[in-house]
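The values are calculated or read from the model by the stated rules, or taken from the named source; none is laboratory data. Computed from a predicted structure; not experimentally measured. With ideal geometry, Cβ positions are generated from the backbone for all residues, glycine too; neighbour counts draw on all protein chains shown. The area values use the complete protein model at the heavy-atom level, side chains included, leaving out ligands, DNA and RNA. Shrake-Rupley method; radii C 1.70, N 1.55, O 1.52, S 1.80 Å.
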Amino acid sequence: MTDKQIKTNRRWLFLLGALVGVGIFFLVFGVSTLDVTNDAFCRGGYMEKDIQQHYAGWLFYRQSEISWPLCIADSLNAPDGLSVAYTDSIPLAAALLRPLANALGGTFQYFGWFTLLCYALQGGFGALLCGLFTQNVLTALLGDLLFVSSPILLERAFRHTSLGAQFLVLGALYYYFKLRREGRYASPGLFLLNILAIGIHPYFLPMTYAITLALLLEYGFRTRQWRGPALCLGCDLAGTLILGWVLGFLYGTASSGGQALYGYFSLNLNALWNPVGIGGVSYSRILPVLNQVNGNYDAFAYLGLGVLIALPIAFILDRHKWINRLKEHWALVAVCLILGVFAVTNVITANGATLAVLPLPDKLIRLFSVFRSSGRMIWPIYYLLMLAAFSALAGLKGQVGVIAAAVLAAVQIFDISPAMIQRSEAMKAAQTQDSFTSAMVSNFWDQAVSYKHILSMDGIQDDALHLALFAADNRMTTNDPFAARYSEEGLAAQRQAIADELALGTLREDSLYLFEDEGAFLAAVEPVSDKAWCGRVTDETGLYCWYVIAPGMQGSNLDALCTPYTENYPLHLADYTDGLWNHGVLDADRRIICFADSPFTRRKLENASAILADGKKYAITNFDDHDPGWLMVTLEIDDATVLWNQELETR
């Protein structure tokens, strides 16, 4: 077969695989998400809230002034601005589609088309990868079904939309095996994949680069030629750096933010056979859901029953070749081991237990927390295990290989079909007219649209992101980044400067002040309480709550969801929990409760004789303010946890 025929066959195989991927997409998600004017599933938070963050980032960017570098949303993280790369809004797509969106006007979301493209490319590269291990097109497409129905892909699609670009890992693996067989170390396709990764989601960078590095190392040691591989790696890195700069990754100090959470989102040792997905959804008809701890849920990596059955069979049938292949692909094995160890982290977990916590220097924890959702690094290993299961069965002689591949695909899809059905039903529900119910239903927000700026005074970014959509829809700026990465130090300094202004009785008339913590609100409100409407605003369920200082709104006729700050404002237990305290109640005897210290709370408690809650009276036997920042009260009560979430009065 000539080189031209081989290339033609590969193109056809890629196209057929892409069609398989598109078919799976339509089967699960339908066509509604391809309507760019349909943003119900973005606003409603499909499966969870993350897509609200992604969509809000896009809205902020779309209405921002065109600037360099690209993708800077100047209304976000005001006044500095922030790249929407840090809101996981797929920065490359945002930059390329902004001109089209603005030309069309109105609502425009690209998450549906992006996910369709991910499924098509997953199918295309999956088919090419399988085609390297079988000459039979049907067998290759049967193997491709494993990749397009990947539980990881299904788990991420429309939830962490950018992480649906699993084709980056498959593509890197395809080029690794293809180039290695051809005795080459570079190709435009592999170069493009490495560059694209930064434009979609930086978590793919260590995966595609690890596979690329393995290819370069194996070539270098085999041929004793290093100049070419080194130049290739340098070009890849330069291209990645340039695109990252263009898309705003290096803008400001955003990249320095983020919590040191390496070890929390670790890979549980049961991940490959634990079928539990987000929300407790099971990906298996057969295998039981197993326990997890901490953030193990983000390291979801269920292989599927078909692959789990096929792997030991494949090893038994081909164990000698497996050992030889491991030796042959030593660099790939090495980088996968490193990725696997990084995924497991120093916090080693199995089922519902933490087996060990290995000490690491704080500086190393901070460094590793650049990729704090470490469990995701298992993905190259995950897909290699799928490929190993397929290749061993597909390599059986004659029609046996085709039949084995068909059985493998059938068992796999049968096993994970409950999750496919659940995801399909969830997307249908997300398209209903009332699927998105904003928490911001009080008439307070109808008047709040007149403000130009929202000033977040504490951890507002941790709520359900209704506020981000509200600010973007009404073209407000916000100092809250609503982002995965930002400058914690810069934000803290800005908030302190605003708090100092409030302490002097100074208000910015065009700004709405928002607090998440009631204690912080009560500590700040008194000097300005006569110059603004101050109080608590909730949704109808009470699940979401904001404490606000609204200049110019004093005297407004507000609804029952608003509780004004007056001398009759109720007290609440501090929502404080550690090894001793449980939501503001001392666990030891459950008679001591605590409040955040503020002038208002101190006035209420210092001369009080009792706490009143829900029509009951509890005598105060001791008042203690020796611990700075806290006021502790001892009650005549059997169990003070009954006071959780209660509105308290004093006598």
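Data for the structure
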read-out: Using a Förster distance of 22 Å, the FRET efficiency for T541-K49 (Cβ separation, nearest 0.05); value: 0.90
read-out: Accessible surface of region 483-584, 1.4 Å probe, proportion on carbon and sulfur as whole %; value: 51 percent
read-out: Contact order relative to length of region 275-409, as percent, for alpha carbon pairs under 8 angstrom and 6 or more apart; value: 31 percent
read-out: Mean projected area (nm²) of the alpha-carbon convex hull when region 562-651 is viewed from all directions; value: 5.8 nm²
read-out: Accessible carbon and sulfur surface of region 49-185 relative to its total accessible area, %, 1.4 Å; value: 62 percent
read-out: Against the rule of thumb 2.2 N^0.38 Å, how large the Cα Rg of region 491-552 comes out; value: 1.11
read-out: Rel. contact order, % - alpha carbon contacts under 8 angstrom, at least six apart, region 539-611; value: 17 percent
read-out: Enclosed volume per residue, in Å³, of the convex hull spanned by Cα atoms of region 350-400; value: 129 Å³
read-out: Residues whose placed amide H lies under 5 Å from that of S282, excluding near-sequence neighbours; value: G277
read-out: Paired Rg and Dmax values of region 329-458, which use every Cα atom, in angstrom; value: 24.3, 73
read-out: Among N268, I637, G395 the positive-end extreme of the charge dipole of the chain (Cβ point charges); value: G395
read-out: Cβ-Cβ FRET estimate between L138 and L261, R0 fixed at 60 Å, reported to 0.05; value: 0.85
read-out: 222 nm mean residue ellipticity, helices alone, for the chain (DSSP H n ≥ 4; -39,500 (n - 2.57); rounded to 500); value: -15000 deg cm²/dmol
read-out: Where labels lie 7 Å past Cα in the beta-carbon direction, separation of E649 and V31 in nm; value: 6.1 nm
read-out: Lysine pairs within the chain, Cα separation less than 28 Å, 8 or more sequence positions apart or different chains; value: 15
read-out: Carbon/sulfur fraction of accessible area - region 199-355, other protein chains in place, 1.4 Å, %; value: 69 percent
read-out: Helix runs (DSSP H) in the chain reaching 20 Å along axis by Cα, Kyte-Doolittle at least 0.0; value: 3-29, 111-131, 167-181, 205-223, 227-246, 305-328, 330-344, 379-394, 399-430
read-out: Solvent-accessible surface (1.4 angstrom probe) belonging to S149, in square angstrom, nearest 10; value: 10 Å²
read-out: Region 464-489 versus region 360-383: alpha-carbon centroid distance in Å; value: 26 Å
read-out: Inverse mean reciprocal Cα-Cα distance (Kirkwood Rh) of region 134-212, Å; value: 13.6 Å
read-out: Pairwise centroid distance, computed over Cα atoms, of region 190-209 with region 393-421, Å; value: 30 Å
read-out: Of L196, Y209, G164, farthest towards positive along the dipole that unit charges on Lys, Arg, Asp, Glu beta carbons give region 153-226; value: Y209
read-out: Hydrodynamic radius of region 1-66 per Kirkwood, over alpha carbon pairs, in Å; value: 15.2 Å
read-out: Listed peptides 75-81, 619-625 by packing density, highest first (mean Cβ within 10 Å); value: 75-81, 619-625
read-out: Contact order relative to length of the chain, as percent, for alpha carbon pairs under 8 angstrom and 6 or more apart; value: 14 percent
read-out: Mean projected area in nm² (Cα convex hull; one quarter of hull surface) for region 525-615; value: 7.6 nm²
read-out: Label-point separation in nm, E509 to R325, each point 7 Å along Cα→Cβ; value: 7.3 nm
read-out: Two-site label geometry, T621 and I338: point separation in nm, points 7 Å out along Cα→Cβ; value: 6.2 nm
read-out: Alpha-carbon centroid distance for the pair region 3-19 / region 298-341, whole angstrom; value: 27 Å
read-out: Shape box of region 112-250 [Cα atoms, principal axes, largest first, Å]; value: 44, 41, 18
read-out: Dipole of the chain, positive direction: furthest Cα of Q496, P418, T2, with charges on the beta-carbon; value: T2
read-out: FRET E, pair E65, N38, Förster distance 22 Å, beta-carbon r, rounded to 0.05; value: 0.20
read-out: Cα-Cα separations in region 29-87 greater than 18 Å, expressed as whole percent; value: 40 percent
read-out: Calculated diffusion of region 183-269, Stokes-Einstein form, Kirkwood radius summed over Cα pairs, 10 °C and 1.306 mPa s, µm²/s; value: 108 µm²/s
read-out: Radius of gyration and Dmax over the Cα atoms of region 277-395, both given in Å; value: 16.5, 49
read-out: Per residue value of the accessible surface for the chain (all protein chains in place, 1.4 Å probe), Å²; value: 43 Å²
